[in-house]
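Asks: This is the structure, below, for whatever I ask next.
The numbers here are math on the coordinates, done by the rules we state, and not lab data. These numbers were taken from a predicted model, which means no experiment stands behind them. Backbone-built Cβ (ideal geometry, glycine too); neighbour counts: all protein chains shown.
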Amino acid sequence: MANSIDSGVLNNMNLGAAAKQTQGTSQELSDSFMTLLVTQLKNQDPLKPMENAEMTSQLAQINTVNGIQELNTTLEGITGQIDAGQTLQAAALIGQGVLVPGDRVLVGKGSDEAEGVATTPFGVELKSPAEQVKITITNGAGEVMRTYENVGPLDAGVQSFTWDGTLSDGKTTAPAGEYKVSIEATLDDEPVAVTSLHYAQVNGVVKTDSGPRLDLGALSDQVRLEDVRQIL
């Protein structure tokens with residue numbers, strides 16, 4: 001009489017084999033399962049044959065594993081297509097100026113004497129509309145260079161600005177260098193959530209495990225495509 005194989009042991013063998021084969025193909029998983037199932041059927045106790053419900057349960061297990069693997073393969077393909085699309089979008093931004101989260105404003109000399117100074121744009125992202133908006137520009141030592149007390153009202157979303165580079169007297173120009181901008185906004189005397197934005201130029205695209213990143217040069221960190229709030 002042939003030795004019987006307990007069906008509970010086969011269940012464990014099936015699950016163990018499936019776990020070890022998750023890196024294999026669906027066909028390999030199916031082959032392994034069928035080999036184990038046929039072995040059990042050949043060696044089962046004739047007095048205690050496998051019940052239909054038990055066999056159905058085991059078939060459902062292998063179908064579930066196969067389905068998960070096929071789903072993972074599909075998701076990997078979709079993710080690859082998304083990454084490729086994002087890379088193409090990011091590449092199209094090379095050489096463009098963008099507004100991204102940050103608080104930097106750069107002041108430099110204009111292209112000729114008549115132009116005076118040149119400044120980089122900056123912006124703000126408002127979570128909701130604002131009645132009153134205050135913009136303060138400071139130097140590296142924290143000294144206030146220029147204050148705009150009442151800019152607004154402004155709608156929710158992204159707004160961009162340009163500082164003419166003059167100090168509080170409206171005449172003297174700020175020395176060339178890097179400055180910081182801070183923005184406060186209120187609606188019905190209640191603060192509105194704001195995100196300061198600064199200007200940067202896209203120099204290139206860097207491929208990372210988390211998707212393409214925009215290279216904004218030495219003065220800015222690499223940012224994600226979704227960090228771009230406005231293209232200038």
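Asks: Name the residues whose placed amide hydrogens come within less than 5 Å of the amide hydrogen of Gln132, ignoring near sequence neighbours (fewer than 5 apart) on the same chain.
Replies: For Gln132, whose amide H was placed from the backbone, the distant partners under 5 Å are Thr186.
Asks: Using the basic label-point model (7 angstrom from Cα toward the beta carbon), what is the Val206 to Asp189 distance in nanometres?
Replies: Spacing of the two 7 Å Cα→Cβ label points: 4.8 nm.
Asks: At q = 0.24, 0.29, 0.31 Å⁻¹, what is the base-10 log of I(q)/I(0) for the stretch 140-188 according to the Debye formula with one equal point scatterer per Cα and no solvent? Please give it to two decimals.
Replies: Evaluating at q = 0.24, 0.29, 0.31 Å⁻¹ gives log10 I(q)/I(0) of -1.08, -1.34, -1.45.
Asks: What full-extension length gain, to one decimal in nm, is calculated for Ser57 and Ala92 as 0.36 nm per residue of separation minus the Cα-Cα distance? Display every interim value, and only then the final one.
Replies: Values: separation 35, 0.36 × 35 = 12.60 nm, distance 5.25 nm.
Going from the current span to full extension adds 7.4 nm.
Asks: May I pose another question? Just subtract the alpha-carbon distance of Asp31 and Asn72 from 0.36 nm times their residue separation and send over the number in nm, one decimal. Don't skip to the end; give the middle numbers.
Replies: Details: separation 41, 0.36 × 41 = 14.76 nm, distance 1.97 nm.
Answer, rounded to one decimal: 12.8 nm.
Asks: Tell me, what HN-Hα J-couplings in whole Hz come from the Karplus equation 6.51 cos²θ - 1.76 cosθ + 1.60 at θ = phi - 60° for each residue of the stretch 89-94, using x for Gly and Pro?
Replies: Once rounded to whole Hz, the list reads 4, 5, 4, 5, 8, 4.
Asks: Also, quick follow-up: For Ser182 paired with Val117, estimate the spin-label separation in nm (one decimal), with each label point 7 Å from Cα along the Cα-to-Cβ line.
Replies: According to this spin-label approximation, the distance is 1.9 nm.
Asks: Moving to a separate point now. Within the set Lys109/Lys207; Lys127/Lys180; Lys127/Lys171; Lys134/Lys207, which residue pairs have Cα atoms separated by over 29 Å? Please list the in-between numbers first.
Replies: Working: Lys109/Lys207 35 Å; Lys127/Lys180 21 Å; Lys127/Lys171 34 Å; Lys134/Lys207 38 Å.
With Cα atoms farther than 29 Å apart: Lys109/Lys207; Lys127/Lys171; Lys134/Lys207.
Asks: Multiply the residue gap between Leu167 and Val144 by 0.36 nm, knock off their C-alpha separation, and tell me the result in nm, one decimal place. If you can, show how the numbers build up before the last one.
Replies: Details: separation 23, 0.36 × 23 = 8.28 nm, distance 0.88 nm.
Answer, rounded to one decimal: 7.4 nm.
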